[in-house]
Each structure stands twice: as structure tokens, then as C-alpha cells.
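I have placed the structure first, in the form of C-alpha cells, so that the comments after it can refer back to it.
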Amino acid sequence: MSTLTGIGKDALARIVAADIPPGSFVNLGIGLPTKISNHLPPDSGVMLHTENGMLGMGPEAADNQIDPDLVNAGKVPVTVLPGASYFHHADSFAMMRGGHLDVCVLGAYQVSARGDLANWHTGKPGDIPAVGGAMDLATGARQTFVMMTLLSRDGRPKLVPECTYPLTGLGCVSRVYTDLAVFLIQPDGVAVRDLFGVDFGTLTTVLDVPLIDQTRKASP
Amino acid sequence: MSRVAILGSALEAVAGIGDGATVLVGGFGSAGQPVALIEALLEGGASELTVVSNNAGNGEFGLAALIREGRVRKIVCSFPRQSDSWHFDQAWRAGAIELELVPQGNLAERIRAAGAGIGAFFTPTGFGTPLADGKETRVIDGRGYLLEYPLRGDVALIAAHKADELGNLVYRKTARNFGPIMAAAAKTTVAQVDEIVPVGALDPEHVVTPCLYVDRVVCVDRNLAMSGDTR
């Protein structure tokens, strides 16, 4: 199964970006989801929230723009856009928990067929647990998208009947964007919206999760 | 009701913080971390500390140095593990430091609750996860919540951009982070600032932390504080 080749990270980021409604307030998780910001059209009106206290975050800071007081959730120096605001941590998470963010996009170790998310801890003894804002984001945003590779490095599916890693949140994920397919987590089950370099029949043999074929006629 | 004390050194600003104290430490990584105050605390010799902070130190300065020197008995934080948290990692693996892991929003709200006189609160964050183990839960309108309690400090160490001579504070960019809520949540709040200005020089519309939360202020040269670590 490791011979399956889907689309690259930037192509996937472009697909996620195209699904974010114009004017949305969005939080992009550390790692892979950060790439989405590179593909948002300049006129999209999407405002980026970072949980360490800013709405209206700009791109990563270049050399002479670096300011140690202006960082994103990954502690990477960033810039600020006109119309931005700063706020303290309790306000930042009230924004999230209160349902004021339209979309958050997170990475994941595993997502279950019911939309349970595991992305903060491997659970292995000796691995230092670190949760950060993952649980708050997953349960607080109106829609939580996951962006990940469909298979782990050792070829095991990360979309699973039940998560075996420690949970981040219950039933919180609505869409899963992967290198091989885009999945919609629906009340009637997991639907496949897009396929990348794999056909529906093959995908059903890769995953232990029943799939509904809702593939779009013309995938991007 | 005590009025703010403007002090001449970071060492004076942290005077009286004793062994076993619970210390709220502002900052998100390095941004807003009151490095000069933490290093003065280190110099002052207090040990067996409980530290409440988002992270568990970066590199060799500030909170990382405090952990390296074995002064922290327990840390309450959301994200201890980072690429440069080697002193925490080592202490944790050696069993030399206790970790209470709290989701970042619950951490912030627990601190806020302490300053706002809230006895406890129900939050959806963490429900159904291992971090809810042992906590009281309740279903409200069909949604699961868990009960979280306030986090109070004996002392809060924070970094702000400017103080006026009454102790009103303004912050700078994302260095604000935990400062305003920690200032309200401790018996004694100590702020290191880049500049102290006369009363009236801060626009009341812009004051973020009103002076009644602030007990001690010290002006420090941040560049010196960051580069001055020679231990």
C-alpha cells in the first residue's frame, strides 16, 4: 500500500484554502496547516487568528521584520496586517471556545470515523506530553478540519474506526484532507469527496472504515 | 490598597519570594517572558517553587535556567516540550520535576478565574480526553463539560512594555499573552517594563492592566537581560 502516491503538501494546502469561505476567521495549526496561508487569495478577506493573542496575522517575518514580541503559535516571528488586533490569552481562547472562529485546521495522528481527533500525544512512556491549544481549538471552532497524510510512515491508515492514541476531542472533526483523498465526516458515515491518484475501490481496501462515494465529477 | 513600588533593580523587585511559593510566570515562549525577574529570582535563591507558565523554558535563559538549577518542584503548563526545552526534558525524565499538563485555554481561564473571584467553571475543552481523568463532569444542553478550578499565585512575574508611575501597564504586540490575567491572579504582582513614564502619559483608553493589579515595577534593559546570561 505504500506504493500509493497522491498529491503533494502544497497542492493539498491549495485545496484546503479553496474550501475556506471568503471573510472567514481562521486558525491554522502548527506544521502542515500553516502552508494554507500561502494559498489564500489576497482578496479572500480571510483573517487569521493566532491563539497567542492576535487576529489579523500576516506572513512569516523576513530578516529585518523580525520582532521577538510578534510571534505565532509556533513561536515563529510573523508580521501583522492592517486591521489586526491584539488581546490577552483568556480573551483569545474565549474567542475560540465561544464559537467565534469559523474554521480551524489541525494536523493529526488519527481521526476516527465519528470525527474523534487524536493529535497531542503518542501515549508512549517517555514521550513528554504537550497539549498546547489543540483541545481548545478542536472543540471550540465552528468547523474543525484535519490536514494529514492518510497513511503513517509505516503505512498504517490514520483514518480509523476508533482512535488508539489519546484523544484530543470527541466528534469534533468535520473534514479530513489527505494526500490521497478528501473525506467528509457526516452523520451517515464517512464520505469521499475527492480522490488523488487512487480509485474509490482501492481506497476501500486501504481503510478499515466504511466509505460513501460522493466523489465530485471534476476534482481540482 | 497598597500603591505600587518602583524599584531600582530586578533583585529588589523579587525580594521576599520564598521557598515553596507558587509563581505565575508570563510569556509565550520568549515573547513576554520576564527574563530579568526570573533570573533575579534564581539569584535570590528561592527553591521548591511551583511555576505556572505556558511553556517550560527555552534554551538557557529565564525559566529554563530556573529549571536547570533545580529550583522548580512542579510546573503547571500547556506545552512543555519544545525544540529548546532540554532542561525541562532532562528534569522530567529524571523524575526531578512534577508536571501538571493543562490545555492552554483552560490554563488561561483558570488564571483569569482566580483574578475574577470565580470559584470554578465548566469548560468543554478536554471533555472525553485523558486530561479529564478524575475531574467532575456535567452534560449541559447536550454537551459535555468538565469542572476546572482557579489557579492562584503567591506572586506573578510579568513583562509589559510601559508602566506609568502608578503602575498602569501597556503591552507590546503578542508579548501581552498571559500578562494581564496573571497580574490579577496573584497576591503580589511584579512587572518588568521597558520604560516608566509619568502619570498621565498613558492614554486611559489604552491602559490594559489598571494599576490596582500591580504591586512592584522595575525598568529593565531587555536586550541586556536576554544577552546577559553567563551561567
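Each reported figure results from applying straightforward, stated rules to the coordinates on display, with no laboratory input. Keep in mind it's a predicted model, so treat the numbers as computed, not measured. Cβ: placed from backbone, ideal geometry, glycine included. Neighbour counts: every protein chain shown.
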Next on the checklist: With an 8 Å Cα cut-off and a minimum separation of 6 or more residues, compute the relative contact order for chain B in percent.
Outcome noted: 24
Item to check | Lys, Arg +1 and Asp, Glu -1 on Cβ, resulting dipole of the protein assembly as shown about Cα centre, debye, nearest 20 | outcome: 700
Next on the checklist: Could you tell me which residue out of A:SER37, A:ALA130, A:VAL111 lies farthest along the dipole of chain A toward its positive end? Charges go on the beta carbon: Lys and Arg +1, Asp and Glu -1, centred on the Cα centre.
Outcome noted: A:VAL111
Item to check | Kirkwood hydrodynamic radius of the protein assembly as shown, from inverse mean 1/r over distinct Cα pairs, in Å | outcome: 22.9
Next on the checklist: Net charge around A:GLU162, counting only other residues with Cβ within less than 11 Å of its Cβ (Lys, Arg = +1; Asp, Glu = -1)?
Outcome noted: -1
Next on the checklist: Looking at the protein assembly as shown only, what percent of DSSP beta bridges run antiparallel? Nearest 5 please.
Outcome noted: 35
Checklist entry - Considering the dipole of the range A:82-220 built from charges on the beta carbon (Lys and Arg +1, Asp and Glu -1) around the Cα centre, which of A:GLY98, A:TYR86, A:THR178 is farthest to its positive end? => result A:TYR86
Item to check | Along each principal axis, Cα extent of the range A:9-213, largest first, Å | outcome: 50, 41, 33
Checklist entry - From a point 7 Å beyond the Cα of B:GLU48 in the direction of its Cβ, which residues of the range B:81-120 have a backbone N at a distance under 16 Å? => result B:97-98
Next on the checklist: If I fit a long axis through the Cα atoms of helix A:9-18 and take the longest principal axis of the Cα atoms of chain A, what angle between them do I get, 0 to 90°, rounded to 10?
Outcome noted: 70
Next on the checklist: Normalised by the empirical 2.2 N^0.38 Å for globular proteins, what value does the Cα Rg of chain B take?
Outcome noted: 1.01
Checklist entry - Relative contact order for the range A:9-213: what is it in percent, counting Cα pairs under 8 Å that are at least 6 residues apart? => result 17
Item to check | Dipole magnitude (debye, nearest 20) for the range A:9-213, charges at Cβ of Lys, Arg, Asp, Glu | outcome: 240
Item to check | Cut-off 12 Å between beta-carbons: net charge of the residues surrounding A:ALA17, Lys and Arg +1, Asp and Glu -1 | outcome: 0
Checklist entry - Efficiency by 1/(1 + (r/R0)^6): what FRET value for B:LEU7 and A:THR204, r their Cβ-Cβ distance, R0 = 60 Å, to the nearest 0.05? => result 0.30
Checklist outcome for this item: By the Cα gyration tensor axes a ≥ b ≥ c (a/c under 1.5 gives rounded; else a/b larger than b/c gives prolate, otherwise oblate), the shape of the range A:112-179 is oblate
Checklist entry - What percent do you get for the relative contact order of the range B:98-231 when only Cα pairs under 8 Å and 6+ apart count? => result 23
Item to check | Under-5 Å amide H pairs with B:LEU99, H placed in peptide plane, nonlocal only | outcome: B:ILE75
Checklist outcome for this item: Given a Förster distance of 45 Å, the FRET efficiency implied by the Cβ-Cβ spacing of B:ASP203 and B:THR137, rounded to the nearest 0.05, works out to 0.50
Next on the checklist: Under the rule of at least 5 residues apart or a separate chain, name every residue whose amide H is placed under 5 Å from the amide H of A:VAL71.
Outcome noted: A:VAL78, B:THR174
